[in-house]
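Read the structure below first, then the notes.
The values are calculated or read from the model by the stated rules, or taken from the named source; none is laboratory data. Keep in mind the model is a prediction, meaning the values are calculated, not measured. Backbone-built Cβ (ideal geometry, glycine too); neighbour counts: all protein chains shown. The protein model used for the area step is the full one, side chains on, heavy atoms only, and it has no ligands, DNA or RNA in it. Shrake-Rupley method; radii C 1.70, N 1.55, O 1.52, S 1.80 Å.
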Amino acid sequence: MCICGKDREYKECCGSIITHKREAKTPEELMRSRYSAYVKGDVAYLLESSLNENRDPNEAKLIEEFASSVVWLKLDIVNAEDDIVEFKAYYKENGKIQLLHEKSHFVQVDGVWNYKDGELYNSKIERNEPCPCGSGKKYKKCCAK
């Protein structure tokens, strides 16, 4: 299974996009590959898959520090339509499970999808959701304790 949650091998799914063997066909594919790059700590890919005007080399260190300071648990795509992908990414930081909920905007430049920007939501993990740690238990009976 790929890091992004798809039932495909990483090298055929996100890995092939990150290593430039193929381009992301949709904003959702690009979003999934970016999540996988966060998990792998591939800052170069995260910068190069962003719009040129959003590529701030000074952010590379911040991205690297964040990506390597957490344990990524899973990615849920909430909705993917046109050039917008809403997702929830779960990660563990300092022993607590956190949620990054964003509606990301993408644009095509010369036929290649790029991350433009995103709106962050102040969401929390609901008590009766399956626990993001993968235990199969409800969050309230698992990591929320």
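General remarks:
- 3J(HN,Hα) from dihedral phi, region 57-73, Karplus parametrisation 6.51/-1.76/1.60, rounded to Hz, x for glycine, proline: x, 5, 7, 3, 5, 5, 4, 4, 4, 5, 4, 8, 8, 10, 10, 6, 9
- Only protein heavy atoms count here; on that basis, with a 1.4 Å probe, Ile125 has an accessible area of about 20 Å².
- Only helices enter this figure: runs of n ≥ 4 DSSP H residues, each worth -39500 (n - 2.57), summed and divided by the residues of the chain, yield -7000 deg cm²/dmol at 222 nm to the nearest 500.
- Degrees between helix 27-40 axis and first principal axis of the chain (Cα, 0 to 90, nearest 10): 70 degrees
- With all protein chains kept in place, the per residue accessible area of region 33-145 amounts to 60 square angstrom at a probe of 1.4 angstrom.
- Each peptide in 114-122, 101-109 was scored by the mean count of other Cβ atoms within 10 Å over its residues; highest first, the order is 101-109, 114-122.
- Applying 1/(1 + (r/R0)^6) with r as the Cβ-Cβ distance of Lys21 and Ala144 and R0 = 30 angstrom yields a FRET efficiency of 0.15.
- The gain in end-to-end length when the Asp117 to Leu62 segment is fully stretched comes to 18.1 nm, 0.36 nm per residue minus the alpha carbon separation.
- The relative contact order of region 24-84, computed from alpha carbon pairs under 8 Å that lie at least 6 residues apart in sequence, is 39 percent.
- For the chain: relative contact order, % (alpha-carbon pairs under 8 angstrom, 6 or more apart): 17 percent
- Label-to-label distance, nm, for residues given as Asp7 and Ser135 (7 Å Cα→Cβ offset): 2.6 nm
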